[in-house]
Amino acid sequence: MNMKIFLLCSLLLLFLCVFLWWKTGDWIRKGQSPTANGKYPYAIILGAKVNGNIPSQSLQYRLDAAVQYANEYPDVLFILSGGQGPDEQIPEAEAMKNYLVEKGVEENRLLLETASTSTYENILFSKQLLPSSVDHVTIITSDYHLARARKIADHLALKTDALAAKTPNVVKWKSTTRERAALIKTYVTGR
């Protein structure tokens, strides 16, 4: 009898894990649309690791997507969101600004948010830099990260569209696997 209960519980747990893997994957895919088209006057670029003062490959991909978007929509302003980790020489937002300016984005289009240490804080602190009349923004981040960022924005009364940056292959499995757990937490807590 105990073996039957054990097997039943094991099967239920396996089913739950498979279902959650599928469901979070569906959320990640759906988080990438609608695709940004320049209709919102502000875009928030979410920070990622900085190696000293150089953007990591993940952050560079986000910034490259932002450069292309900035060139296509010259009236959009950008909030660069990311604080300074213990192993970073400068805040992520500062490294982002340096990179974007070097790529030709005008500095007067860039607002810096340098205090955040999490995706929730990225959105919360960036919202504080927006004019009070603005409640629609574009979120620019890695493809796997958009669903969670947009869910947090929704909890903070911001409507969003998305600009997905490619995820580097070297971190894709690790990032998307970890993101699935974080996404479940966000759906439960709003953070």
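The values are calculated or read from the model by the stated rules, or taken from the named source; none is laboratory data. Keep in mind the model is a prediction, meaning the values are calculated, not measured. Backbone-built Cβ (ideal geometry, glycine too); neighbour counts: all protein chains shown.
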Task: Leading residue by the ranking (nearest to the chain's Cα centre (by Cα)) among those in segment 31-68 that are charged (D, E, K, R) and either closer than 14 Å to Tyr99 by Cα or surrounded by 12 or more Cβ atoms within 10 Å (Cβ to Cβ) (or both) - done: Arg62
Open item on the list: Given the criteria modelled with pLDDT of 95 or more and within 19 Å of Leu112 (Cβ to Cβ), does Pro55 qualify?
Closed with: yes
TODO: Determine which member of the set Lys23, Lys39 is basic (Lys, Arg) and outside any helix (DSSP H, G or I).
DONE: Lys39
- [ ] Please find, within segment 74-118, the residue that is surrounded by the most Cβ atoms within 10 Å (Cβ to Cβ) out of those that are out of contact with any Phe, Trp or Tyr (no Cβ under 9 Å at 6 or more places or on another chain) and of a type in the set (Asp, Glu).
- [x] Glu92
Task: Evaluation of Ser126 against (1) touching a Leu at 6+ places or on another chain (Cβ under 9 Å); (2) at pLDDT below 95; (3) among the hydroxyl-bearing types (Ser, Thr, Tyr) (one fails), failing number - done: (2)
Task: Test: Leu163 is touching a helix residue (DSSP H, G or I) at 6+ places or on another chain (Cβ under 7 Å), among the aliphatic types (A, V, I, L, M), buried (at least 21 other Cβ atoms within 10 Å of the Cβ) and in a helix (DSSP H, G or I) - done: no
